[in-house]
1. Take segment 84-104 and flag every residue that is surrounded by fewer than 18 Cβ atoms within 10 Å (Cβ to Cβ) and closer than 18 Å to Asn145 by Cα.
2. Quick one: Glu161 ticks every box in (1) outside any loop (DSSP other than H, G, I, E, B); (2) modelled with pLDDT under 90; (3) charged (D, E, K, R) except a single one, so which number is it?
3. Could you tell me how many of the residues in segment 42-53 are surrounded by fewer than 19 Cβ atoms within 10 Å (Cβ to Cβ) and more than 13 Å from the chain's Cα centre (by Cα)?
4. Which of the numbered conditions does Val110 fail, given that it passes all the others? Conditions: (1) out of contact with any Ser or Thr (no Cβ under 7 Å at 6 or more places or on another chain); (2) at pLDDT below 90; (3) under 19 Å from Asn57 (Cβ atoms); (4) of a type in the set (A, V, I, L, M).
Amino acid sequence: MSPTGGGTFYWTLTLHNDSGNAPALEVPLTGSCRSKPCRQEVMNYAVTDLDDATEVNEVTDHAAAHGELTARFELYHLMGVQAIGATFDLLYPDGTLAVENVPLAATGSVTNEGAVCTVLTGFPPAFYPATLGVYTARVTAVSSNGIPMTDEFRFSTSGGECRARGNVQ
């Protein structure tokens, strides 16, 4: 019998001995389940750049155009999260793709609202044009029991100064 809703369930397993010298053995069983599958959840995220003057989830267009961004996502699933194959995409403010399949690596764990989360970190490459506006980060990961998840989060770019790169003599 399979439960049709969440909660705790009790049943009995009966083992019959056909040798005739022992009575049937009854084993009480208890089980529980959730009413819905537990889906992965991004509990927190931060997209930052090398400029300490900007806020979390606000980066400069200069940093985006020069590959100076860091994306950090805290993912939770009851059974854990796999780092293998986890990626994220960045979408321009108009919804077109800026970069895709940026690899994420597990860099630790944190507790967020009582949930132990896997921290996944990635470094998007430079992309041009790095236009001003609100970007979308689309995260794809798989829980340790094989359930895939894709979710979207937003961050914005602000005008940054144009600096020369390389060695100045």
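The values are calculated or read from the model by the stated rules, or taken from the named source; none is laboratory data. All figures in this text were calculated on a predicted structure; none of them were measured in a lab. Ideal geometry is used to build each Cβ from the backbone, glycine not excepted, and the neighbour counts take in all protein chains shown.
1. Those that are surrounded by fewer than 18 Cβ atoms within 10 Å (Cβ to Cβ) and closer than 18 Å to Asn145 by Cα: Ile84, Gly85, Thr87.
2. Evaluating Glu161 over (1) outside any loop (DSSP other than H, G, I, E, B); (2) modelled with pLDDT under 90; (3) charged (D, E, K, R) leaves (1) as the failure.
3. 4
4. (2)
For (1) among the aromatic types (Phe, Trp, Tyr); (2) farther than 15 Å from Val102 by Cβ; (3) touching a Ser or Thr at 6+ places or on another chain (Cβ under 6 Å); (4) at pLDDT 85 or above, each residue gets a yes or a no:
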residue: Leu29; (1), (2), (3), (4): no, yes, no, no
residue: Cys33; (1), (2), (3), (4): no, yes, no, no
residue: Val47; (1), (2), (3), (4): no, no, no, yes
residue: Asn57; (1), (2), (3), (4): no, yes, no, no
residue: Phe73; (1), (2), (3), (4): yes, no, no, yes
residue: His77; (1), (2), (3), (4): no, yes, yes, no
residue: Gly80; (1), (2), (3), (4): no, yes, yes, no
residue: Phe88; (1), (2), (3), (4): yes, no, no, yes
